[in-house]
Amino acid sequence: MSQRITWIDCWKGIAIVTVVAGNILDLQLAKYIFWFHMPLFFFISGYLYKENHDYLSFFKKKFLHLIVPYTSFLLLFSLPNFAIHIGQIWQTKQLDFLYQLLLFILKQLYGGQLLTDWFSVFWFITCLFFTQQLYNFIYTNFGNYKSLINIIMLDVYCLAMIDYSFFKDISFPWNINVVLMALPFYWLGHMVSKNLTIFNYKKLVFIAVITLVIIALIDNFYFLEFTFDMKNKSYGIPIFNLFIAIAGIIIVQQMAQTVNKINFLDNVTREIGAASMAIMYLHQPIQISFKQVSFLNEGIIRMIAGLLIPYLIYKIMINFSLTRKFLLGDFKSVSNIKLKSLSKA
């Protein structure tokens, strides 16, 4: 079991590096990373999925793990804007600034695609939460019928492409509509976890690399343009988007297995993987702040800062019960610590 967790942390570590790189690199390189980096996170989450027929218990567990930190970071990052708006209202006594404050609050509550800059990755958390809830309901009811669940996932994918084609300009609260695109990747991750030998098929990596190289060449020479941006619901060319994302997922998975065999790299990626959610939340405020300082506005500097500073903050947060609970969603370890202290008493 420990080997499996170690391997997963390597996978998550490389995955979060791709997220940080995707938000820092120039647009052309970032576009290639966007082809697979968010599908990869849904795939990994699906890989770790455990069915739970107690829907209320499953909801509560995921709510504490995902939505509590989401709300905490949302409030924390919103404080400067609240202070500015309240200061303007206090100084001017004008209703216009009160109206702006109300708009800001409504935008924060609506979430999803409306959240930008410091909040630009927050859509993933709410989308993942609803993906987990819907998948758990589907799988616990239809998981024994493989043909049926295959059809359901195909239908869900088709609905995602319909949403992309006809409702592209509609922004849904918490990006809940992106669940339609996230579900197939979550399901694929879960299916792979039941048949791990698929990753041992050596030709699979070769096929994945060749696929991405060919697609990149086609895209670069403008024969066709391939885009995939889950947050902004830009899914690109049907079917191709699935194969491209899966190719990227396979390559990163193989990288994780390779890194897992190299002690130093294994330790580094496992540490980054363990801190992945903290890095997810914190890398944007840090790299955006660095971008505004001329001598810090270098991609490599912002990349290192976007990984290292959140990691150091994470190492501080895990030492305090309040930050573990409300910023990391780690209520379980807090309970374990209490039980251990009680047993010693």
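Just a few scattered comments:
- Among the residues here, Ala182 qualifies as crowded, with 16+ Cβ neighbours inside 10 Å, assigned to a helix (DSSP H, G or I) and in contact with a Ser or Thr (Cβ under 9 Å, 6 or more places away or on another chain).
- With respect to being more than 30 Å from Leu312 (Cα to Cα), under 17 Å from the mean Cα position of the chain (by Cα) and not hydroxyl-bearing (Ser, Thr, Tyr), Leu183 fits the description.
- When each of Phe142, Phe172 is tested for being aromatic (Phe, Trp, Tyr) and crowded, with 16+ Cβ neighbours inside 10 Å, the lone residue that passes is Phe172.
- Going through (1) farther than 30 Å from Thr140 by Cα; (2) crowded, with 16+ Cβ neighbours inside 10 Å one by one, Leu29 falls short only on (2).
- For Ile272, the test of being in a helix (DSSP H, G or I) and surrounded by 22 or more Cβ atoms within 10 Å (Cβ to Cβ) is passed.
- Residues of region 209-223 that are closer than 24 Å to Asn23 by Cβ and either in contact with a Phe, Trp or Tyr (Cβ under 9 Å, 6 or more places away or on another chain) or surrounded by 14 or more Cβ atoms within 10 Å (Cβ to Cβ) (or both): Leu212, Ile215, Ala216, Asp219.
- Matching entry among Ile304, Ile237, Ile286 (being β-branched (Val, Ile, Thr), out of contact with any Ser or Thr (no Cβ under 7 Å at 6 or more places or on another chain), surrounded by fewer than 17 Cβ atoms within 10 Å (Cβ to Cβ) and modelled with pLDDT of 95 or more): Ile304
- Annotation: of all residues in region 289-301 being part of a helix (DSSP H, G or I) and aliphatic (A, V, I, L, M), the one that is surrounded by the fewest Cβ atoms within 10 Å (Cβ to Cβ) is Ile300.
- When each of Ile14, Ile33, Ile89, Ile84 is tested for being touching a Phe, Trp or Tyr at 6+ places or on another chain (Cβ under 9 Å) and part of a helix (DSSP H, G or I), the lone residue that passes is Ile89.
- In region 139-167, the residues that are aliphatic (A, V, I, L, M) reach residues that are buried (at least 18 other Cβ atoms within 10 Å of the Cβ) with C-beta atoms within less than 6 angstrom, at least six apart or across chains, in these pairs: Met153/Pro184; Met153/Trp187; Val156/Leu180; Val156/Leu183; Leu159/Leu180; Ala160/Leu180; Ala160/Met181.
- The residues on offer are Phe199, Phe206, Phe167, Phe226, and the sole one that is surrounded by 13 or more Cβ atoms within 10 Å (Cβ to Cβ), on the phi < 0 side of the Ramachandran plot, modelled with pLDDT of 90 or more and aromatic (Phe, Trp, Tyr) is Phe226.
- Filtered residues of region 175-205 (kept if of a type in the set (Phe, Trp, Tyr), in contact (Cβ under 8 Å) with a residue 40 or more places away in the chain and more than 21 Å from Ile138 (Cα to Cα)): Phe199
- If only residues of region 111-126 that are over 14 Å from Ile24 (Cα atoms) and aliphatic (A, V, I, L, M) are counted, the one that is surrounded by the fewest Cβ atoms within 10 Å (Cβ to Cβ) is Leu114.
- Among the residues of region 231-258, those that are part of a loop (DSSP other than H, G, I, E, B) and either in contact with a strand residue (DSSP E or B) (Cβ under 7 Å, 6 or more places away or on another chain) or farther than 22 Å from Ile125 by Cα (or both) comprise Gly236, Ile237, Pro238, Ile239.
- Residue in region 48-71 that is in a helix (DSSP H, G or I), within 28 Å of Ile309 (Cβ to Cβ) and small (Gly, Ala, Ser) present: no
- Within region 11-37, the set of residues being of a type outside the set (Val, Ile, Thr) and closer than 20 Å to Ile288 by Cβ comprises Ala21, Gly22, Asn23, Leu25, Asp26, Leu27, Leu29, Ala30, Lys31, Phe34, His37.
- Picking from residues in region 318-328 that are aliphatic (A, V, I, L, M) and surrounded by fewer than 18 Cβ atoms within 10 Å (Cβ to Cβ), the one that is farthest from the chain's Cα centre (by Cα) is Leu322.
- Selection status of Asp163, in a helix (DSSP H, G or I) and over 22 Å from the mean Cα position of the chain (by Cα): no
- Any hit, region 43-55, residues being free of Cβ contacts under 8 Å to residues at least 24 places away in the same chain and of a type outside the set (S, T, N, Q): yes
- Residue check: Gln113 meets all listed conditions (1) modelled with pLDDT under 95; (2) under 24 Å from Asn241 (Cα atoms); (3) more than 17 Å from the chain's Cα centre (by Cα) but one, namely (3).
The values are calculated or read from the model by the stated rules, or taken from the named source; none is laboratory data. In this text, all values refer to a predicted model and were calculated from it rather than measured experimentally. Ideal geometry is used to build each Cβ from the backbone, glycine not excepted, and the neighbour counts take in all protein chains shown.
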